[in-house]
Amino acid sequence: MELNYLKLYFSLTLAGLTIWGVDEAVDLYKIKLVADAASSAMKQSRLDAKSAAIKAQTQALKEKNRNQVISRQNSQIEAVIRNAQRTNNEICSFWRGEYNSSRTETNKVMMDGACKRASNPPDMSTTTLNLKGNN
């Protein structure tokens, strides 16, 4: 049997190149899989970051709205308290004028009660307003 070295050389070279080509193809496929996984992880990371940002904005808006409601309620309470204090001052002035015009014991008692209420201004922690002499 005669060996043709040229055919053997080409056969071995072709076999080696084929094995090398398949190995490179497998490596490229593995790299593609890793790149796809990394890409998917990056997309998920971006989505998570956006979701966290939206949640933070939503929470900030809720907090802002709650603070506005509390501020509005406090303003209303302060207005009621100012009005009550103004009324107490007006009543005190009225009874002081009445007492100055006619010095009776009834006018003195009414003036003392009204001016006592006016001298004790209500504050934000007040649960009842001092309009009826319930000191």
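The values are calculated or read from the model by the stated rules, or taken from the named source; none is laboratory data. Only a predicted model underlies this, so the values are computations on that prediction, with no experimental measurement involved. Ideal geometry is used to build each Cβ from the backbone, glycine not excepted, and the neighbour counts take in all protein chains shown. Just so you know, the surface numbers come from the protein's heavy atoms only, side chains and all, with ligands and any DNA or RNA stripped out. Shrake-Rupley method; radii C 1.70, N 1.55, O 1.52, S 1.80 Å.
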**OP:** Kindly report the accessible area of region 1-101 per residue (heavy atoms of protein chains, probe 1.4 Å, no ligands, DNA or RNA), in Å².
**Re:** 85 Å²
**OP:** Quickly estimate the mean residue ellipticity at 222 nm for the chain, helices only: each DSSP H run with n ≥ 4 gives -39500 (n - 2.57), and the total goes over all residues, rounded to 500.
**Re:** -31500 deg cm²/dmol
Original post:
Given springs between every Cα pair under 10 Å in a Gaussian network model of the chain, which of Gly113, Gly16, Gly97 has the largest fluctuation?
Top reply: Gly16
Subject >> Alpha-carbon centroid distance for the pair region 63-82 / region 7-61, whole angstrom >> reply: 57 Å
Original post:
Where the only charges are on Cβ atoms (+1 Lys, Arg; -1 Asp, Glu), what is the dipole of region 45-105 about its Cα centre, to the nearest 20 debye?
Top reply: 540 debye
Original post:
Rounded to a whole number, what % of the accessible area of the chain do carbon and sulfur atoms account for, probe 1.4 Å?
Top reply: 61 percent
Subject >> Accessible surface ranking that places the most exposed of Lys55, Lys64 first, with a 1.4 angstrom probe >> reply: Lys55, Lys64
**OP:** Taking the chain as the reference, fit the longest principal axis to its C-alpha atoms, fit the long axis of helix 5-101 to the helix C-alpha atoms, and give the angle between the two in degrees, 0 to 90, nearest 10.
**Re:** 0 degrees
**OP:** Please label the shape of region 57-107 as rounded, prolate or oblate, based on the square roots a ≥ b ≥ c of the eigenvalues of the alpha-carbon gyration tensor (a/c under 1.5 means rounded; beyond that, a/b larger than b/c means prolate, else oblate).
**Re:** prolate
**OP:** Taking Rg and Dmax of the Cα atoms in Å as the quantity of interest, determine which of (i) 13.1, 36; (ii) 45.3, 151; (iii) 15.7, 49 was computed from the displayed structure.
**Re:** (ii)
Subject >> Degrees between helix 105-119 axis and first principal axis of the chain (Cα, 0 to 90, nearest 10) >> reply: 20 degrees
**OP:** Please state the charge dipole magnitude for the chain, taken about the Cα centre, from unit charges on C-beta atoms (+1 on K and R, -1 on D and E), reported in debye and rounded to the nearest 20.
**Re:** 920 debye
Original post:
Within straight cross-link reach of Lys43, meaning Cα distance under 19 Å, which lysines are found once same-chain residues fewer than 8 apart are removed?
Top reply: Lys32, Lys55
**OP:** Find which of Leu61, Ala79, Gly21 sits farthest along the positive direction of the dipole of the chain, computed with +1 on the beta-carbon of Lys and Arg, -1 on that of Asp and Glu, about the Cα centre.
**Re:** Ala79
